[in-house]
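Novice: I have a structure I would like to understand better, so I am pasting it below and will then ask my questions one at a time.
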Amino acid sequence: MRRLTKHLLLSSAIFTALISIIIEVYFHPPPISTTIVYKSLASPSSIINDLISYFRRHHHHHHRKAACNDSKWSQLIPPHQSGAQILTVDLNGCANFSSVQKAIDAVPDYNPYRTIIIVDSGVYREKVIVWENKTNVTIQGQGCHDPTRDETDPARGYLNTSIVWNDTANSSGGTIYSASISIFAFNFVAYNISFQNTAPAASPGDVGSQAVALRIAGDQAAFYSCGFYSSQDTLLDDKGRHYFRQCFIQGSIDFIFGNALSLYEECTINSIAKEVVAGVSGCITAQKRESEAERTGFSFMNCCVTGTGRVWLGRSWGSYATVIFSKTYLPSIIVPEGWDDWNNSSNDKTIFFGEYECCGPGANYTMWPKYAKNLDYSEAVRFMDISYIDGNEWVLPPRSSDGRDPCDNQNYGELVKDY
C-alpha cells in the first residue's frame, strides 16, 4: 500500500510538471535544451527538480526584465542637478531601495553635495524622518502624465507619489510627533510628491486629534509642486526659511502653522472645514511669532484659496503673529471678520495681519478688526519677493513666477483646474 501511494504521488508530481511545461512553453517559449529532458528520463525526481529550477530562473529573469525600466530614473533628474548622487526607490524591486526611509539612511552624513532620491509612483506607507545629519537631500516624485497635454506635467506630479502615515497627537505623544514626515536637515528640497496623514478628520474642539502631514524644521528648505493632506494641523512650518511653489495644501483647522519664515507662491490652499450656517468651522493659518526680535512670518503670493466651511485667514498663535496674503483669490468661505486674535485682545497691538490687492468675495476687508490691515504697495512689497526669505542666496531653480494672476478670472479657472 505504501509503495502504491508513493507511485501515485510520483505520477501526480510528474503530471503536474508536464502541465507546467506546456503552459510555460505556450505562453513564453523558452530556449530549453532537449538534453535536459533526455538526461533526466532515468530519474523522475530529477525531472521535477531540473524543470522547477530552470523555469524559476527563466520566469524571474523574463519578468524582471519586462517590468523594470532603468531609463526612467534619468528622465526625472532636474537638469540643474545632473551631477548629484542618485538613489532610487520603488515598490517593485527595480530600484536601490523599497523604502524612502532606507534611502535617506543611506545618504552620507553631513554631505556637502546634493543627493537626489527619486521615488517611483506609488503609496509609501511609512513614517519618515530626515535627521539633521542628512544634509542636501532632494526627494523627487514621479511626474503626472496629462493626456490632454501629451506630456508629463510636473505641476501635478504629487498625485502619483505619496508618503502616508496616520499618527495623531494622542497616538504619538504630541502634535509635533504625529508628522508622517519630519525634516530637520539643512537644504532639503522636494519635487512632485505628496505627504499625507490619513488619521480621521478632527472636529472643532477635539482633543488630541491633530494629525501633521509634514513637519519642516530645517533651514533653507524648498517644495515644488508638492501636496500636503490632512485635517487639523496639516503642515507644521516649524522653523527656518522655507519656499513653497505651486503646492497644494489641504486641511481644516490651523492647517498651516508654526514659526518659520516662509514664502508661499502660486499655491492652492484648500479648506475641508465642515459646512456650517453660522460661526466659524476652520482656520487656514496659526503663526507663532512671539517677539519683535524674531524674524518669522508667512507670506502668500499669487495663491488661490478654495474649499468648504466658514474659515478665518489666520489666528494669532503668537503675540506677534505675522501673516500676509498678496494678490490672492479669497472665496466666500472666508468669514467677514477675516482674522482672529485667539481671544487675547492684548495681542491686537503687536500682531501683523494684512492683505494686498487680493480679490474674490472673501477679500472684502470692511468688517476686519483694526489689527488686520489693507496694505499699500510700500507696506506689502517686502513680503512679495524671494528676498523675504533670503531666497536669492539659496533657493534653487525654478524660482520665477509663470506670470499667472489668480485674480484674473480666466487664469483663476485654469489654476483651479490644474489642481
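Novice: Answer yes if at least one residue in segment 231-252 is under 17 Å from residue 197 (Cα atoms), among the β-branched types (Val, Ile, Thr) and not in a loop (DSSP other than H, G, I, E, B), and no otherwise.
Specialist: yes
Novice: Could you list, in sequence order, all residues of segment 364-399 that are part of a loop (DSSP other than H, G, I, E, B), over 16 Å from residue 264 (Cα atoms) and among the aliphatic types (A, V, I, L, M)?
Specialist: Matches in segment 364-399: 367, 375.
Novice: Residue check: is residue 262 at pLDDT 95 or above, within 24 Å of residue 127 (Cβ to Cβ) and not in a loop (DSSP other than H, G, I, E, B)?
Specialist: Answer is yes for this residue.
Novice: If I filter segment 234-241 for residues that are crowded, with 24+ Cβ neighbours inside 10 Å and within 17 Å of residue 139 (Cβ to Cβ), do I get at least one hit?
Specialist: Yes, there is a match, as at least one residue in segment 234-241 is crowded, with 24+ Cβ neighbours inside 10 Å and within 17 Å of residue 139 (Cβ to Cβ).
Novice: Any chance you could count how many residues in segment 359-378 are surrounded by 12 or more Cβ atoms within 10 Å (Cβ to Cβ) and either of a type in the set (Gly, Ala, Ser) or in contact with a strand residue (DSSP E or B) (Cβ under 7 Å, 6 or more places away or on another chain) (or both)?
Specialist: Number of matching residues: 12.
Novice: Could you check residue 292 against (1) surrounded by fewer than 23 Cβ atoms within 10 Å (Cβ to Cβ); (2) in a strand (DSSP E or B); (3) acidic (Asp, Glu) and say which number it fails?
Specialist: (2)
Novice: Restricted to segment 188-219, and to residues that are in contact (Cβ under 8 Å) with a residue 12 or more places away in the chain and on the phi > 0 side of the Ramachandran plot, which residue is farthest from the chain's Cα centre (by Cα)?
Specialist: 208
The values are calculated or read from the model by the stated rules, or taken from the named source; none is laboratory data. Because the structure is a prediction, the values reported are computed rather than measured. So basically every Cβ, Gly included, is an ideal-geometry build from the backbone, and we count neighbours across all protein chains shown.
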